[in-house]
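A short write-up of the structure that comes next.
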Amino acid sequence: MCIRDRHRATVTLERGDGNCMQKATFLCALMRAARIPARLGFADIRNHLIPKELRENMGTDLFVFHGFVEAYLNNRWVRLTPAFDIETCSQHGIVPCEFDGTNDAMLSPVDVHGQRHFEYVQFRGIYDDFPFEEMFKAAKAVYGSDVDYERFS
């Protein structure tokens, strides 16, 4: 299956899991199906608590094109991050993104112990559809020309 197909909402539903980009695509599709205007957003984030092995493997603690959703609710756009389930948050000390129906629900800059955790470094934009070419270009710039696009699946 090609990378573009792996980012389809139906594929994420069938698999039952996905990365932040796939979950954002899925959430966006669900909202649209419920007639809630929604669009995809992307940002580069730094994980200051990334495990050492993953940092060494990636060569950085920067994650390009972290996915989130903007939903139009109560006459304004609200940002939602569907990155981590509650069990993952509990296991790794991540502050859950709790949506109250009004305010943005984005990754917390600190973990449950108050340590610096997620940092939004650069917003990449808001899109009606998944911007594969922009994502590939950004990944190549950050991770190098031999980037394995499978890391995005």
Practice prompt. Assess whether PHE63 counts as being within 14 Å of the chain's Cα centre (by Cα), of a type in the set (Phe, Trp, Tyr), under 17 Å from ILE50 (Cα atoms) and in a strand (DSSP E or B).
Written response: yes
Item to complete: All but one of (1) at pLDDT below 95; (2) open to solvent by less than 20 Å² (accessible area, probe 1.4 Å); (3) over 20 Å from ASP17 (Cα atoms); (4) small (Gly, Ala, Ser) hold for ALA83, so report the exception by its number.
Response: (3)
Worksheet item: What residue, of ILE50, ILE3, ILE45, ILE94, is surrounded by fewer than 16 Cβ atoms within 10 Å (Cβ to Cβ) and of a type in the set (Val, Ile, Thr)?
Response: ILE3
Worksheet entry | Pick from the range 1-31, criterion out of contact with any strand residue (DSSP E or B) (no Cβ under 7 Å at 6 or more places or on another chain) and of a type in the set (S, T, N, Q), ranking: modelled with the highest pLDDT | GLN22
Worksheet entry | Whichever residue in the range 97-125 is buried (at least 16 other Cβ atoms within 10 Å of the Cβ) and within 18 Å of LEU27 (Cβ to Cβ) and, among such residues, is farthest from the chain's Cα centre (by Cα) | PHE99
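The values are calculated or read from the model by the stated rules, or taken from the named source; none is laboratory data. In this text, all values refer to a predicted model and were calculated from it rather than measured experimentally. All Cβ positions, even for glycine, are placed from backbone atoms using ideal geometry, and neighbour counts span all protein chains on display. For the accessible areas, the whole protein counts, side chains as well, though only heavy atoms, and no ligand, DNA or RNA atoms are used. Shrake-Rupley method; radii C 1.70, N 1.55, O 1.52, S 1.80 Å.
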